[in-house]
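**Student:** Submitted below is the structure of interest, expressed as C-alpha cells.
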Amino acid sequence: GARGGGGGGGLAGPAEENKENEKPKADDLGDSLGLEILQIVKESQQQHGLRHGDFQRYRGYCSRRLRRLRKTLNFKMGNRHKFTGRKVTEELLSDNRYLLLILMDAERAWSYAMQLKQEANTEPRKRFHLLSRLRKAVKHAEELERLCESNRVDAKTKLEAQAYTAYLTGMLRFEHQEWKAAMEAFNKCKTIYEKLANAFTEEQAVLYNQRVEEISPNIRYCAYNIGDQSAISELMQMRLRSGGTEGLLAEKLEALITQTRAKQAATMSEVEWRGRTVPVKIDKVRIFLLGLADTEAAIAQAEEEETKERLFESLLSECRDAIQAVREELKPDQKQRDHSLEVDSGKVTNIQYLHSYLTYIKLSTAIKRNESMAKALQKALLQQQQPEEDGKRAPRPQDLIRLYDIILQNLADLQQLPGLEEDKSFLKEIGIKTLVYKAYRCFFIAQSYVLVKKWSEALVLYDRVLKYANEVQAQAGTYKNSLKELPDVQELINQVNAEKYSLQAAAILDAEDVPEVESPSQIKDGKPLSERLETFCLDSSLVSKQASLVHFPPEFQPIPCKPLFFDLALNHVTFPPLEDKVEQKAKSGLTGYIKGIFGFRS
C-alpha cells in the first residue's frame with residue numbers, strides 16, 4: 001500500500017475517528033447492505049485536501065482511515081513482524097464497512113496517481129508509476145463491483161459501484177490514450193449517474209449531476225480524438241463557460257485548443273486597425289487574435305459575475321503574453337531604427353503599431369472588466385437592506401470610486417499610445433469616454449459625502465456631475481455608435497436630479513433636529529462606580545463584561561518619606577582619656593597570648 005502523506009494531513013481527533021468507524025448509514029431496505037459511494041467519496045475529498053488540490057494530504061487520510069477500519073473490524077493483515085494478506089469475501093459481508101474498506105483502497109491508489117500526475121510535469125519518469133497506481137485503483141474498484149453483485153447488497157449500491165468502476169476505467173484508458181475504450185467507459189458512467197439522478201429527489205440528484213458535468217468534457221475530448229471534428233467547438237465552449245477545466249483533461253484541452261488555433265493562424269498574415277493594415281508574423285500574437293472574438297463572445301454570454309471575472313482574467317493574461325512576445329521582437333527593431341539615418345519622422349514601424357494595437361486591447365479589456373465590477377457593486381449598493389453574510393464587508397461608494405479611478409487611468413494611457421497622436425477621431429472618442437467616467441466617479445464621491453451628512457459638499461459635486469453629463473451630450477453627436485457600450489448619461493442625469501431633491505430635504509430635516517437633553521440620571525461622567533456611590537445613574541455597562549467599578553491599576557498616591565537622622569552632637573562631646581587602659585592591655589597582650597598557648601593561664 002502507499003505510505004501516508006504528511007504535509008498538513010494531521011491525525012483525526014477522537015470524535016472524528018469514532019464517527020468514521022461507525023457503521024455507514026444503510027438504506028431502509030430490510031437486511032440488505034447499502035453504501036453511498038459517491039457521497040462518501042465527495043465528502044472525504046472536500047474535507048481532506050482536494051478542495052485545494054492537495055492529493056498527498058488526501059492519500060494520507062485514506063491510509064489512516066484504512067488502518068482504523070481494519071482495527072475496528074479486526075481485519076488485520078498479519079502483525080508487525082509478518083504480513084499475511086486477506087481478502088474480503090462475500091461470506092464476510094455482514095457489515096457494509098467491508099465495502100468501505102475496498103472503496104478506501106481504491107481512493108488511496110487514485111489519489112496517489114493524481115499526486116504523481118502533478119509531479120510528472122517536471123519528472124516524466126513518474127508517469128509509469130502513475131499508470132501503475134491507476135491500474136491498482138481500477139483493480140480495487142472491480143473487486144468492489146464484484147462484491148456488490150451479492151444478493152446482500154441493495155440495487156442502488158450495485159449501480160453506484162458499476163459507475164465508480166466505469167469512471168476509474170475511463171480515466172485509466174484516457175491516460176493510455178485509448179480513446180474509444182475511454183469514451184465507452186465514461187458514457188457508461190454518465191448513463192448510470194443520469195438514471196440515479198432521475199430516480200431520487202433533487203437534493204440527492206445534485207451529486208450525480210455534478211459528476212455528469214465533470215465527465216462531459218472528457219467524453220467530448222475522446223470523441224474529437226476518434227474523429228468527431230465538431231467536438232472541438234463544444235470543448236472550447238465548455239472551457240470558456242467554466243473558466244478553465246480541472247483534472248486529467250486540463251493540460252490536454254489547452255494543448256488541443258492551442259494546436260487548433262495554430263493551424264488557423266497559419267492562414268492569418270495581417271490585421272487591420274484604425275485604417276492601417278499591419279502584418280502579423282509572430283505565432284503567439286496570431287493565436288491570441290484568433291481566439292479574441294471567441295472569448296469576447298463568451299464574456300457577453302456569461303451570466304454569473306464569477307464566470308465573467310475568470311474570462312476577463314484569462315483574456316488579460318493571454319494579451320500580456322502576446323505583448324511580451326512583441327516587445328522581444330521590438331528590441332532589435334528599435335536598435336536598428338536608432339542606427340538608421342533614414343527614419344520617417346512621426347510614423348511608427350509596423351511592429352510598434354502592432355504593439356499599440358495589443359496594448360489598446362489590453363487597456364480596453366481592463367476598462368470593460370472594471371466597468372462590469374462597478375455594475376455588480378452598484379446592484380449590491382441598491383440591496384443594502386439585506387444583512388451581511390459570512391462576515392463579508394458591505395459594499396460602499398468608496399469601492400466604486402477606486403474602480404473609476406483605475407478606468408480613468410487606463411483611458412489616460414490610451415491617449416499616449418504611439419502611432420495615434422494624429423488620429424483626432426480616436427482622441428476625441430477617448431475624451432468623451434473620460435467625461436462619462438468622470439461624471440460617474442463624481443457621482444459616487446457625492447454619495448460618499450451624503451453618507452457622512454456633508455450636504456453642501458455633496459450638492460456641489462452633484463452640480464459637477466450634471467456639468468460633465470451635459471458636456472458629453474453636447475459632444476456625443478457623431479460618436480453615438482462607438483459610445484453604445486458606455487453607461488447611459490441621461491439615466492445618470494435623472495438620478496442626480498432626484499438625489500438633489502432628497503439631499504435638500506435631508507439637509508433641512510437635519511438642521512431642524514434638536515438634540516435631546518439627557519436627564520441627569522442618564523449622563524455618564526466616566527467615573528468608576530466606587531467614586532459615585534452617592535449618585536444615582538442608569539449605567540447599563542455595569543452588568544456587562546466591561547463594567548467600570550474601580551480604577552485599575554490604582555493611581556499612585558504621595559506618602560511621607562522615611563526620615564534621615566544626622567549625629568551633629570558628636571563634634572561637641574569630649575570623651576574621657578583611655579591611655580592608661582591601652583598601655584596595660586599592650587603589656588599583657590603578648591605574654592598572655594604565649595601563656596595561653598601552653599596552658600599556663602592563671
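The values are calculated or read from the model by the stated rules, or taken from the named source; none is laboratory data. The model shown is predicted, which means the values in this text are computed figures rather than measured ones. As a convention, Cβ positions derive from the backbone with ideal geometry for all residues, glycine included, and neighbour counts pool all protein chains shown. For the accessible areas, the whole protein counts, side chains as well, though only heavy atoms, and no ligand, DNA or RNA atoms are used. Shrake-Rupley method; radii C 1.70, N 1.55, O 1.52, S 1.80 Å.
**Student:** Applying the Karplus parametrisation 6.51 cos²θ - 1.76 cosθ + 1.60 with θ = phi - 60° to the phi angles of segment 429-438, what ³J(HN,Hα) value in whole Hz is obtained for each residue in order, glycine and proline being reported as x?
**Tutor:** Karplus values, whole Hz, x for Gly and Pro: 4, 5, x, 5, 4, 4, 5, 4, 6, 5.
**Student:** From the phi angles alone, apply the Karplus equation (6.51, -1.76, 1.60; θ = phi - 60°) to segment 212-218 and give each ³J(HN,Hα) in whole Hz, x where the residue is Gly or Pro.
**Tutor:** With the stated coefficients, segment 212-218 comes to 4, 5, 5, 8, 4, x, 5 Hz.
**Student:** Pick out, in residue order, every one of the GluC sites (Glu not before Pro) in segment 138-172 that is DSSP loop and has at most 12 other C-beta atoms within 10 Å; say none if there are none.
**Tutor:** Values: sites: Glu142, Glu143, Glu145, Glu149, Glu160; in loops: Glu149.
Qualifying residues, ordered by number: Glu149.
**Student:** Here's another thing I want to ask about it. Give the accessible area for Phe200 in Å² (nearest 10); use a 1.4 Å probe, count only protein heavy atoms, and leave out ligands, DNA and RNA.
**Tutor:** About 70 Å², rounded to the nearest 10.
**Student:** Another question about this same structure. Would you please give the residues with an amide H less than 5 Å from that of Val153, counting only those at least 5 places away or on a separate chain, with H modeled from the backbone geometry?
**Tutor:** Leu33
**Student:** Here are some pairs, Lys117/Lys331; Lys42/Lys375; Lys362/Lys424; Lys42/Lys82; Lys42/Lys308; which of them have Cα atoms lying more than 29 Å apart in this structure? Before the final figure, lay out each step's value.
**Tutor:** Working: Lys117/Lys331 39 Å; Lys42/Lys375 36 Å; Lys362/Lys424 21 Å; Lys42/Lys82 35 Å; Lys42/Lys308 27 Å.
From Lys117/Lys331; Lys42/Lys375; Lys362/Lys424; Lys42/Lys82; Lys42/Lys308, over 29 Å: Lys117/Lys331; Lys42/Lys375; Lys42/Lys82.
**Student:** Could you sort Leu564, Leu400 by accessible area so the largest value comes first, with the probe set to 1.4 Å?
**Tutor:** Details: Leu564 140, Leu400 0 Å².
From most exposed to least exposed: Leu564, Leu400.
**Student:** While we're looking at this one, here's another question. Can you pull out the GluC sites (Glu not before Pro) in segment 391-460 whose DSSP state is coil and whose Cβ has at most 10 other Cβ atoms within 10 Å?
**Tutor:** On the way: sites: Glu421, Glu422, Glu429, Glu457; in loops: Glu421, Glu422.
In loop regions of segment 391-460 (DSSP not H, G, I, E or B), the sparsely surrounded GluC sites (Glu not before Pro) are Glu422.
**Student:** Using heavy-atom solvent-accessible surface (probe 1.4 Å) with all chains present, what is the largest-first order of Thr169, Thr72, Thr574? Could the numbers behind the result be given before it?
**Tutor:** On the way: Thr169 35, Thr72 65, Thr574 130 Å².
Of Thr169, Thr72, Thr574, the descending order of accessible area is Thr574, Thr72, Thr169.
**Student:** Would you mind getting me the FRET efficiency between Gln398 and Gln475? Use the beta-carbon distance for r and R0 = 30 Å, nearest 0.05. All intermediate terms of the calculation are to be shown ahead of the outcome.
**Tutor:** Numbers: r = 29 Å, r/R0 = 0.98.
E(calc), rounded to 0.05, equals 0.55.
**Student:** For a quick check of understanding: with a 1.4 angstrom probe and all protein chains in place, what accessible area in square angstrom does Trp179 have, to the nearest ten?
**Tutor:** The value for Trp179 is about 40 Å².
**Student:** Could you work out how far apart the two model spin labels at Arg70 and Ser317 are, taking each label as a point 7 Å from the Cα in the direction of the beta carbon, and quote it in nm?
**Tutor:** If labels sit at Arg70 and Ser317, their model points lie 4.1 nm apart.
**Student:** For the full complex of protein chains and a 1.4 angstrom probe, list Tyr224, Tyr501 by accessible area with the highest value first. Please list the in-between numbers first.
**Tutor:** On the way: Tyr224 40, Tyr501 160 Å².
Sorted by accessible area, descending: Tyr501, Tyr224.
**Student:** Which whole-Hz ³J(HN,Hα) couplings does segment 107-121 yield from phi under the Karplus relation 6.51 cos²θ - 1.76 cosθ + 1.60, θ = phi - 60°, glycine and proline marked x?
**Tutor:** 5, 5, 5, 5, 5, 5, 4, 5, 5, 5, 5, 5, 6, 5, 5
**Student:** Quick one: net charge around Glu194, please, counting Lys, Arg +1 and Asp, Glu -1 for every other residue with C-beta under 12 Å from its C-beta. Please list the in-between numbers first.
**Tutor:** Working: positive: Lys188, Lys190, Lys195, Arg211; negative: Glu213.
In short, +3.
**Student:** While we're on this one: Let me cross-check Thr277: its accessible surface, 1.4 Å probe, with only protein heavy atoms counted, in Å² to the nearest 10?
**Tutor:** Roughly 70 Å² of Thr277 is accessible to a 1.4 Å probe.
**Student:** Separate question: Once amide H atoms are built 1.01 Å from N in the peptide plane, which residues 5 or more positions from Val271, or in another chain, come under 5 Å H to H?
**Tutor:** Excluding prolines and chain starts, which carry no amide H, the hits are Val278, Val280.
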